[in-house]
């Protein structure tokens, strides 16, 4: 994550002294930005209900696994690159170009004749959606600085948009796939991107003039070697995880370790690092929060990628019916997000995180031991309701900890990397699910393996919060 010193270099105006209480960033601005920012989490969670149809049309589950991986690997890079591009060319411009890329990816994906073209569409979609949140946050911060406004209200709106849409993704995707086929999860991006482009064009402040820099200077500030090393490290790690299902290919692990070491070395020496390693490793609370967020996202995507597939295979539900079955979980997720904000404001990080991690433990254990293809619907609904709680509480707790523990010059780095952590978590979850499918005699066995993984993550996170409760209470 490049430091905000590129392109459109601007000093934040000093806040006037003795002024009245700061105002909130206008809802019309934050809601407009949230419309486009929701597309990355929507596409991350919606794909789960389409995988069965894609596998049926294009080949084996192993090849379709890259439909997930290609998106998440690209998102992990593009979410951080876009922060540098927003500073270099202006956040509004980057936001709108990203929306154009999303619309193009929808056309390519919706008309894809084979798996290779579909993968290209997913990569293009990840590039476009990766620009939205970092650009939106840059617009919000600049507005807050220029108008002596509070950015916190806009952050809440953006968070609610993202977390709510993630929860609703399987339901929305299920209805779309059931009525119009898997291609519809691409086409749905077109009207949303068009609406976001209209709203942001009308509401967001104009960007200033682009600072004139030579081509070599722009490349230097983008830190292409760091980006490449990061992407190759993630890809080699993914290839190693996938190889575990057949015969472990240890060379991929060695390559990932070597590339990871090279990445850290490059970032420590880079004048404009892609990821500011020193900032992330030098702040213990920030580093542990990122690690906790990674674990919670792994558990989250295990649930939201596996359950739609299990409902279609084990319960023989159509995609639209499977999506509707998950609607209670989505509704609980929306209310949990709102409730988590209030709990954090009243009781702090410990209560917020414990609520999320304990519900993750209980929900994972229920999937691992209590749910079967012939389980009564009442039991399924109870489990789904419990699993709707963790996402809201864990993410609100972790995101507030990022904002409170990051030093002022680290905040942009931390917020950008938080979204990158989400993509890495989704990538690891996809690999775990693929690993759980290997040698499984039934869909129930896969679900039980995934549930146990979720439960173990919940147990570890609960223990971590309890052990560090004093440190977390001070935040």
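The values are calculated or read from the model by the stated rules, or taken from the named source; none is laboratory data. Predicted model only: the values in this text are computed from it and were never measured. Glycine also receives a Cβ, built like all others from the backbone with ideal geometry; neighbour counts cover every protein chain displayed.
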- line: With criteria (1) over 18 Å from residue 183 (Cβ atoms); (2) at pLDDT below 80, residue 45 comes up short on (1)
- line: Residue pairs within 8 Å by beta carbon, gap of at least six or interchain, first lying in region 188-208 and assigned by TED's automatic domain parsing to the domain that holds residue 129, second modelled with pLDDT of 85 or more and outside any helix (DSSP H, G or I), listed first then second, are 192/38
query: Out of all the residues in region 105-117, is one or more crowded, with 21+ Cβ neighbours inside 10 Å and closer than 28 Å to residue 329 by Cα?
result: yes
